[in-house]
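Beneath this line is the structure, given in structure tokens, with notes to follow.
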Amino acid sequence: MEAIDLIRFFSDQPQRYKAIYYGLVGKKTISNLLAAKKNNYLVYFHSWPRLSLTTFQKCLQGLLRADFVAAGEVADSFYLTAAGQHYRQAQQPAIFIPSYYQGLCIPQGQQGIELLYLAIQVISEYHHGQKHYIPGTTNYLLQQRVRQWFQQVKHYPQLSQQLVQELTRWLTALPADQADFVAQNFQGYQFGFQQSELADKTPLSGYSQQLVQLDALALLLQYLAQQPQAFPLLGQLLIPDQWVQPILSYSANLTYQAFMAGQSLKQIGYKRRLKDSTIREHILEVALLMPGFDFEQLKQQDDLPPTDYFNIRVAEIQEMSGHERPN
Amino acid sequence: MNAQIETVLKSKFGYDHFRPGQAQIIQGVLDQQNVLGILPTGSGKSLCYQLPTYIQGGLTVVVSPLISLMQDQVIQLNLQGEKRVISLNSTLNMVEQQAILSNLSHYLFLLIAPETLGRRDVLTRLQQIGVQLLVIDEAHCISQWGVDFRPSYLQLGTIRAKLRPKSTLMLTATATQRVQQDILEKLGVSATTQKVTFSVDRPNIFLDVLQCPDDQAKVAQLKELLPHLALPGIIYFGSRKKAQAMAQIIQQDLGISAAYYHGALATKDRYLIQQRFMAHQLQVICATNAFGMGINKKDIRFVIHYHLPTNFESYLQEIGRAGRDGQQSIAIGFNSPDDYQRQLALLHMGLPDDTMIKLFYQQPKKFANTGDTAFDLLWAYQQNGFDQQQVQKLLQHKLIEKQQELTAFNQFIQSQGCRRQLLLAHFGNELTHPHDEQCCYRGFDPKPLVRLKQIGLYVNQQPIADQQVLATQPRKWQQILRHILE
Ligand SMILES: [Zn+2]
């Protein structure tokens, strides 16, 4: 983890550092979601699932030593100092901001990328009649998945031409730099760059390099869902339903549907045989994640005192939703 | 030797003849005997279990002490075009492990750590399928008299009894009589086992040592040698940093395609480098000792030790990667007066000291899975029923043994006599030919370039072809698609 990869998530407002960590690895709790929303890093949820807390903390200590961040009043909270802001400015080219990626909807993005690259490698080697090669991923389940897929598609007429067509359709839609970088990560017959060779040629940080690919994958998944007929090969490999999930959890969504149909929280809890507290968790999740949430409707039917945890949270979320700023 | 064996040797491995000893081991396995093979690295150890597997079918289980060793074996088999190989180890999550277990019957080779093999679910599944051949790689790890003792290997006796393989093949590069006896006893195979021992000599590798006053002199020496040394080759370093820096110098200043290789590289990079090295796109690998355990590249012409190892075993193993095709090759060691201190420091690495041992035994559970080599070792001891005093004694013994080995190895480095004779003597072998000009240089070689000419490894100029292959890999996505898919 490079300094810029952590600095990018801090601002002049103090925030709890652990919430950033939990967001990156994808620990979906109301308070982590809330912190992510408040500090504009909701889209990065799940984007670094293998990040270890130790690595993260070491990086933070580095920022502290360099005076890029300073401790806020609340315990374990930090904000960006003037020096830190300056550094962030200077390091702007190292930061990639995704356009299509929404981590909460693609929690297994890294694996999706690995799967895609392995499939490309397999077709490339097959096309060149090469049987003696090392697969680019050691992940067993992904290897199995690609093997299965290959059996399905290997008799497709002009297999590798068809794959070129599908990849072209996808990569053309990305900015040229992004498309080049994604393709440089492919592996195939007599082709492949080492991590260091890629890093030498790009100003992007290691994490940003991952985001570039996650973002591209998100676009591909979007295409696969919208125009399946144009992607007969990749559509069978990356089945959108398996890789993309709705932003709301299944249960929270049921609660939301009932709420929109005009039921009160108590009624919903009774009908769904769930505790009130669970229903309220759902409502908080909905309020956080659904842009058009009707706060007025909620206020009319709720009878809790204004000091209650739930109401404070709701007020907080409404306040944030009032002045959304782009990241 | 029947015709089928020879056919498989040719079709699967591309060889016309066996190396000394291979045929005997393979025949033993096919006759369903237990075999202890003591083979130097580079004599084709893995062929001894791979070939019988192709002939008799069924599952071959290979026990290996290190994940990197298992991965290297998988890579090697993949490169031979074999896909029915799988490694079951702790880097996989439970879902993956279960998936592998339920698909196990589709595989020919299972590489596994002793800890994993001892698990009940794994044993049960293997009993269902039946194990044809059980291979214990690095078998000397089972002996607490050896420097590489691994407590988890002690379970293998019980495991073997439960698995009841048709035959058991124990392989090791180096084992004294005492260790050999220990291997057989601990595995419970004493009575029936056939022993096959070979000389560790590799007569086609010239042994050379150069004296360099300091590090700068080493760099200069390397720059002088490489432009005239037959390629490809491996240069071993004691540190990752140095390996990395020198790879860059070789690439930029000498125009020879080089890469560095060490344990901190991403898996994808390790694979790419090995693949490129195999495909002649890379000529020189600057490596730490993490490189090459399973690498089966036959035409390596030189191994240079920029830093020499601390014992004969490592030295033999590393130079043994040269000249597997039987052609003339050379091992060149760089010796400098500062090296001894570095070697001494290495001896203590990974070994827990008394304070650590005490701390550990107060609350062993606290130190499970720390990822620290020293604590992991203690954990393994403790799990296998060793108490604090036993461990202390064992480790003291181990350190003394390591020190003795270093002393002996240093005598070899400093020697004014025939180094091959010393090397062989250490492993209990005798020189088969008297020392001559093709054998080794006695003392420190003042003119290595002359030596290269003398043994036919001198080149006037390195060929430029192929070196630019990597530089010309396309970077634009349209070109990349064309390159890999059209
Ligand atoms: Zn000699």
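The values are calculated or read from the model by the stated rules, or taken from the named source; none is laboratory data. All values derive from a computational prediction rather than experimental measurement. In this analysis, Cβ positions are derived from the backbone assuming ideal geometry, glycine residues included, and neighbour counts consider all displayed protein chains. These accessible areas exclude ligands, DNA and RNA; they are computed on the full protein's heavy atoms, side chains included. Shrake-Rupley method; radii C 1.70, N 1.55, O 1.52, S 1.80 Å.
Go over the candidates B:THR116, B:THR158 one by one and state the one that is free of Cβ contacts under 8 Å to residues at least 60 places away in the same chain and under 16 Å from B:SER87 (Cα atoms). Let's see the steps before the verdict.
On the way: B:THR158 fails: under 16 Å from B:SER87 (Cα atoms).
Checking each option against the conditions leaves just B:THR116.
So that you can scan it fast, the table gives a plain yes or no per residue for (1) surrounded by fewer than 19 Cβ atoms within 10 Å (Cβ to Cβ); (2) within 14 Å of B:PRO165 (Cβ to Cβ):
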{"residue": "B:LEU110", "(1), (2)": "no, yes"}
{"residue": "B:PRO114", "(1), (2)": "no, no"}
{"residue": "B:ARG119", "(1), (2)": "yes, no"}
{"residue": "B:THR124", "(1), (2)": "yes, no"}
{"residue": "B:GLN132", "(1), (2)": "no, yes"}
{"residue": "B:GLU138", "(1), (2)": "no, no"}
{"residue": "B:SER143", "(1), (2)": "no, no"}
{"residue": "B:ASP148", "(1), (2)": "yes, no"}
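Which condition breaks for B:THR168 when tested against (1) hydroxyl-bearing (Ser, Thr, Tyr); (2) at pLDDT 95 or above; (3) not in a strand (DSSP E or B)?
Of the numbered conditions (1) hydroxyl-bearing (Ser, Thr, Tyr); (2) at pLDDT 95 or above; (3) not in a strand (DSSP E or B), the odd one out for B:THR168 is (3).
What number of residues in region A:198-211 are more than 25 Å from A:GLY235 (Cβ to Cβ), open to solvent by 10 Å² or more (accessible area, probe 1.4 Å), more than 10 Å from every other protein chain (Cβ to nearest Cβ) and in a helix (DSSP H, G or I)?
From region A:198-211, those more than 25 Å from A:GLY235 (Cβ to Cβ) are A:198-209; that's our starting set.
Add one more test, that the residue is open to solvent by 10 Å² or more (accessible area, probe 1.4 Å), and what stays is A:199-204, A:206, A:209.
The next check asks that each one be more than 10 Å from every other protein chain (Cβ to nearest Cβ); those that pass are A:199-200, A:202-204, A:206, A:209.
Next cut, in a helix (DSSP H, G or I) only: A:199-200, A:206, A:209.
Matching residues across region A:198-211 total 4.
Would you be able to tell me the number of residues in region B:472-482 that are open to solvent by less than 70 Å² (accessible area, probe 1.4 Å) and assigned to a helix (DSSP H, G or I)?
Going residue by residue through region B:472-482, those that are open to solvent by less than 70 Å² (accessible area, probe 1.4 Å) are B:473-475, B:477, B:480-481.
Those left that are additionally assigned to a helix (DSSP H, G or I): B:477, B:480-481.
Matching residues across region B:472-482 total 3.
In region A:185-197, how many are touching a helix residue (DSSP H, G or I) at 6+ places or on another chain (Cβ under 6 Å) and either open to solvent by less than 20 Å² (accessible area, probe 1.4 Å) or more than 7 Å from chain B (Cβ to nearest Cβ) (or both)?
Filtering region A:185-197 for residues touching a helix residue (DSSP H, G or I) at 6+ places or on another chain (Cβ under 6 Å) gives A:186-189, A:191-195.
If we keep only those that are either open to solvent by less than 20 Å² (accessible area, probe 1.4 Å) or more than 7 Å from chain B (Cβ to nearest Cβ) (or both) too, we end up with A:186-188, A:191-194.
Total satisfying the criteria: 7.
Looking at (1) assigned to a loop (DSSP other than H, G, I, E, B); (2) in contact (Cβ under 8 Å) with a residue 60 or more places away in the chain; (3) farther than 24 Å from B:PRO309 by Cα, which one does B:PRO463 not meet, given that it meets all the others?
Of (1) assigned to a loop (DSSP other than H, G, I, E, B); (2) in contact (Cβ under 8 Å) with a residue 60 or more places away in the chain; (3) farther than 24 Å from B:PRO309 by Cα, only one is false for B:PRO463: (2).
What helices (runs of 4 or more DSSP H), lying completely within region B:173-272, carry at least 1 residues that are at pLDDT 95 or above and more than 16 Å from the ligand (Cβ to nearest atom)?
Values: elements: B:177-187, B:215-225, B:240-254.
Once the helices (runs of 4 or more DSSP H) in region B:173-272 are filtered for at least 1 residues that are at pLDDT 95 or above and more than 16 Å from the ligand (Cβ to nearest atom), what remains is B:215-225, B:240-254.
Give the residues of region A:1-29 that are over 16 Å from the mean Cα position of the chain (by Cα), of a type outside the set (Phe, Trp, Tyr), buried (at least 18 other Cβ atoms within 10 Å of the Cβ) and part of a loop (DSSP other than H, G, I, E, B), sorted by residue number.
Those that are over 16 Å from the mean Cα position of the chain (by Cα), of a type outside the set (Phe, Trp, Tyr), buried (at least 18 other Cβ atoms within 10 Å of the Cβ) and part of a loop (DSSP other than H, G, I, E, B): A:MET1, A:PRO14.
Can you tell me which residue among B:GLN454, B:GLN411 is within 16 Å of the ligand (Cβ to nearest atom) and under 25 Å from the mean Cα position of the chain (by Cα)? Steps first, please.
Working: B:GLN454 fails: under 25 Å from the mean Cα position of the chain (by Cα).
Among B:GLN454, B:GLN411, only B:GLN411 is within 16 Å of the ligand (Cβ to nearest atom) and under 25 Å from the mean Cα position of the chain (by Cα).
Scanning for something open to solvent by 40 Å² or more (accessible area, probe 1.4 Å), within 23 Å of B:LEU225 (Cα to Cα) and among the charged types (D, E, K, R), does region B:453-471 turn up at least one residue?
yes
When you scan region A:30-46, how many residues do you find that are over 20 Å from A:ALA218 (Cα atoms) and not in a helix (DSSP H, G or I)?
Total satisfying the criteria: 1.
Picking from B:GLN389, B:GLN383, which residue would you name as being more than 16 Å from the ligand (Cβ to nearest atom), without any contact (Cβ under 8 Å) to a residue 24 or more places away in the chain and within 30 Å of B:GLY118 (Cβ to Cβ)? Break it down stepwise before answering.
Values: B:GLN383 fails: without any contact (Cβ under 8 Å) to a residue 24 or more places away in the chain.
After ruling out the rest, the residue left standing is B:GLN389.
I'd like to check something: does region A:158-174 contain any residue that is open to solvent by less than 20 Å² (accessible area, probe 1.4 Å) and under 27 Å from A:ALA90 (Cβ atoms)?
Kept after step one, since they are open to solvent by less than 20 Å² (accessible area, probe 1.4 Å), are these residues of region A:158-174: A:159-160, A:163-164, A:166-167, A:170-171, A:174.
Next, from what is left, pick out any that are under 27 Å from A:ALA90 (Cβ atoms): A:174.
The answer is yes; a qualifying residue exists.
Could you grab the pairs with beta carbons closer than 6 Å, sequence gap of 6+ or different chains, first residue in region A:23-34 and among the small types (Gly, Ala, Ser), second one in a loop (DSSP other than H, G, I, E, B) and open to solvent by less than 50 Å² (accessible area, probe 1.4 Å)?
Correct list of pairs: A:GLY23/A:TYR41; A:GLY23/A:PHE45; A:GLY26/A:PHE45; A:GLY26/A:HIS46; A:GLY26/A:PRO107.
Check whether at least one residue in region B:53-64 is under 25 Å from A:VAL122 (Cα atoms) and either surrounded by fewer than 22 Cβ atoms within 10 Å (Cβ to Cβ) or in the same structural domain as B:PRO151 (by TED's automatic domain parsing) (or both), and report yes or no. Reasoning before the result, please.
So the first thing to find is which residues in region B:53-64 are under 25 Å from A:VAL122 (Cα atoms), and the list is B:54.
Next cut, either surrounded by fewer than 22 Cβ atoms within 10 Å (Cβ to Cβ) or in the same structural domain as B:PRO151 (by TED's automatic domain parsing) (or both) only: B:54.
For region B:53-64, residues under 25 Å from A:VAL122 (Cα atoms) and either surrounded by fewer than 22 Cβ atoms within 10 Å (Cβ to Cβ) or in the same structural domain as B:PRO151 (by TED's automatic domain parsing) (or both): present.
Can you find even one residue in region A:247-261 that is touching a residue at least 60 places away in the same chain (Cβ under 8 Å) and buried (at least 21 other Cβ atoms within 10 Å of the Cβ)?
No, because not a single residue in region A:247-261 is touching a residue at least 60 places away in the same chain (Cβ under 8 Å) and buried (at least 21 other Cβ atoms within 10 Å of the Cβ).
Look at region B:414-451 and say how many of its residues are open to solvent by less than 50 Å² (accessible area, probe 1.4 Å) and more than 14 Å from the ligand (Cβ to nearest atom).
Residues flagged as open to solvent by less than 50 Å² (accessible area, probe 1.4 Å) and more than 14 Å from the ligand (Cβ to nearest atom) within region B:414-451 amount to 3.
Go through region A:212-229 and give me each residue that's touching a residue at least 40 places away in the same chain (Cβ under 8 Å) and open to solvent by 20 Å² or more (accessible area, probe 1.4 Å).
Of all residues in region A:212-229, those touching a residue at least 40 places away in the same chain (Cβ under 8 Å) come to A:212-223.
Within region A:212-229, A:GLN222, A:TYR223 qualify.
Of all strands (runs of 3 or more DSSP E) completely enclosed by region B:282-369, which ones contain at least 2 residues that are of a type in the set (S, T, N, Q)?
B:329-335
Of these, B:VAL74, B:VAL95, B:VAL85, B:VAL63, which one is closer than 26 Å to B:THR124 by Cβ and touching a Pro at 6+ places or on another chain (Cβ under 6 Å)? Talk me through it step by step, then tell me what you get.
Values: B:VAL74 fails: touching a Pro at 6+ places or on another chain (Cβ under 6 Å); B:VAL95 fails: touching a Pro at 6+ places or on another chain (Cβ under 6 Å); B:VAL85 fails: touching a Pro at 6+ places or on another chain (Cβ under 6 Å).
B:VAL63 is the lone residue from the list that is closer than 26 Å to B:THR124 by Cβ and touching a Pro at 6+ places or on another chain (Cβ under 6 Å).
Give region B:9-59 a look and list any residue that's in a helix (DSSP H, G or I) and either under 21 Å from B:VAL179 (Cβ atoms) or touching a strand residue (DSSP E or B) at 6+ places or on another chain (Cβ under 7 Å) (or both), or say none. Give the steps one after another, and end with the answer.
Quick first cut of region B:9-59, residues in a helix (DSSP H, G or I) only: B:9-13, B:22-30, B:47-56.
Answer for region B:9-59, where residues must be in a helix (DSSP H, G or I) and either under 21 Å from B:VAL179 (Cβ atoms) or touching a strand residue (DSSP E or B) at 6+ places or on another chain (Cβ under 7 Å) (or both): B:GLN24, B:ILE25, B:GLY28, B:VAL29, B:CYS48, B:TYR49, B:PRO52, B:THR53, B:GLN56.
Of all residues in region B:265-292, how many are of a type in the set (A, V, I, L, M, F, W, C), away from chain A (no Cβ under 11 Å) and open to solvent by 10 Å² or more (accessible area, probe 1.4 Å)?
Selection size over region B:265-292: 1.
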